[in-house]
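The numbers here are math on the coordinates, done by the rules we state, and not lab data. Here the structure is a predicted model, which is why all the values come from computation and not from measurement. Every residue, glycine among them, receives a Cβ derived from its backbone with ideal geometry; neighbour counts consider all protein chains shown.
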Ligand SMILES: Nc1nc2c(c(=O)[nH]1)N[C@H]1C(S)=C(S)[C@@H](COP(=O)(O)O)O[C@H]1N2
Ligand SMILES: [Mo]
C-alpha cells in the first residue's frame with residue numbers, strides 16, 4: 001500500500017526551501033519568517049519531523065484498521081474493522097485550531113544556554129506550528145469500531161517505513177495514548193488549514209493529540225490497536241522519556257507540553273538605536289491558555305508587559321507585541337517569559353535530560369543594535 005520515497009528530505013519539490021531551516025529529514029519553521037498578521041502557520045511554512053521519509057499512500061486503497069481486545073468483537077489485526085477514506089469523510093466532521101510541537105523543540109538551548117548538549121535534531125524554537133485541523137473525532141471512529149468500557153489504551157501505528165536507528169529496527173512509528181485522552185479531544189485529521197492533508201503532514205489521515213508531545217500525533221495513520229492492557233512501543237519506553245539525574249533511572253514518559261515563548265525575529269537581528277521597533281512574539285502551552293507574558297530588554301534585569309492581542313485559547317498560542325526604542329548601540333539579549341493559566345511560568349533553567357526534550361526555560365535572544 002505504501003512505497004518509501006528515496007531521498008532524505010521531506011517534501012521534495014513541494015516545499016519552498018528558503019522558508020525552512022533544514023535538519024536532514026526534518027525542516028524547521030523560521031521565526032523571522034512568521035507573518036505577524038496571521039494566527040495560523042501557513043501549511044507551506046509548517047515544520048516537518050520525519051523519522052524516515054514521507055510515504056506515498058494511495059487514497060483509493062487506503063484503509064484505517066482498528067482491532068484489539070478493547071473492541072466488542074475483540075478482532076485480531078487480521079480481522080480488523082477497516083475504514084476507507086470515503087467512510088471517514090462521511091463521519092461527522094470537526095475542526096480544532098491547535099498547536100503541534102515537537103518534543104525536542106528548543107533542544108539546542110540545552111547546549112547554548114546550559115552547556116549540556118543533547119543528541120537529536122538541533123531545533124531552535126521553530127519545531128512548532130498552529131493550524132486548523134479538520135477531520136473526525138477519534139471517539140467517533142472508536143465508538144463505530146465498538147470500543148468497550150474496559151479499554152485503557154489506543155496504539156496508533158504509522159504507514160511510513162520501519163525506523164532503524166543505530167542498526168536496531170524499531171518497527172513502524174507507533175505510540176499508545178490512554179483511552180481517556182483518545183475519547184476526549186483527539187482528532188483523526190483529514191484536512192490542514194482547509195485543504196487535504198499534504199503528504200509531509202500525514203496524507204491521507206493522521207492523529208492530532210492536542211496539547212501533547214508531537215510524536216503522539218501519528219502521521220499516515222494505518223492502524224489503531226485498542227487494548228484492555230497497557231501497551232508499549234520504543235516511542236514510550238526508549239524514546240520520548242525524560243531520562244537524567246533529576247528524573248530517576250526509568251525516566252518518565254511524556255505527554256502534556258510545557259509553556260514556551262519565541263520572538264518573531266531573526267537570531268542576531270540588527271536593530272537601529274533611537275528608532276522604534278515593534279517586537280512581536282508568541283507564547284503557548286500544552287496545558288492551558290496563556291495568562292501573562294513578560295519581556296526583558298536588558299538580559300533579565302527588568303521586565304515589562306507586552307500587549308497581548310488576538311485569540312488566546314487553550315491549544316492555540318497568544319500573540320503579543322511591544323514597542324522598543326533601543327537606547328544605544330551594542331549587544332542585547334531579549335527575553336520573553338510566559339505563564340499559563342495552569343500556573344506554570346517559564347523557568348530560568350531546566351534540569352538536563354539525556355535526549356534534550358522539553359526545553360521550556362526562557363530563551364535569551366541576541367540582537368545587535370547599531371547607531
Ligand atoms: N508515522 C509517523 N508519525 C509521526 C512521525 C513520524 O516520523 N512518523 N513524527 C512525529 C513527530 S516526532 C512529530 S514532532 C510530528 C510532526 O508532525 P509534522 O511533520 O506534521 O509537523 O509527527 C509525529 N508523527
Ligand atoms: Mo517530534
Seminar exercise, completed: Out of 187, 279, 197, a Gaussian network model of the chain with alpha-carbon springs under 10 Å gives the largest mean-square fluctuation to 279
Problem set entry | Gained length - residue 280 relative to residue 86, 0.36 nm times residue gap less alpha-carbon distance | 65.6 nm
For this session: Report relative contact order for segment 228-371 in percent, whole number only (criteria: Cα-Cα under 8 Å, sequence separation at least 6).
Result: 30 percent
For this session: Could you order peptides 56-62, 66-72, 38-44 by the average number of other Cβ atoms within 10 Å of their residues, highest first?
Result: 66-72, 38-44, 56-62
Exercise. In percent, what relative contact order does segment 190-263 have, based on Cα pairs under 8 Å that are 6 or more apart in sequence?
Worked result: 22 percent
For this session: Within segment 338-365, which residues have the backbone N less than 20 Å from the label spot 7 Å out from residue 252 along Cα→beta-carbon, could you tell me?
Result: 338-362
Exercise. Under the definition of Cα pairs under 8 Å and six or more residues apart, what whole-number percent is the relative contact order of the chain?
Worked result: 17 percent
For this session: Using a 10 Å cut-off on Cβ atoms, rank the peptides 236-243, 269-276 from the highest mean neighbour count down.
Result: 236-243, 269-276
Exercise. Rounded to the nearest 500 deg cm²/dmol, what is the calculated helix-only ellipticity per residue at 222 nm for the chain, with -39500 (n - 2.57) per DSSP H run of length n ≥ 4?
Worked result: -1500 deg cm²/dmol
For this session: Starting from the Cα of residue 342, step 7 Å along the direction of its Cβ; do the same at residue 93; then give the gap between the two resulting points in nm.
Result: 3.1 nm
Exercise. Order of 21, 304, 189 from fewest to most other C-beta atoms within 10 Å?
Worked result: 304, 21, 189
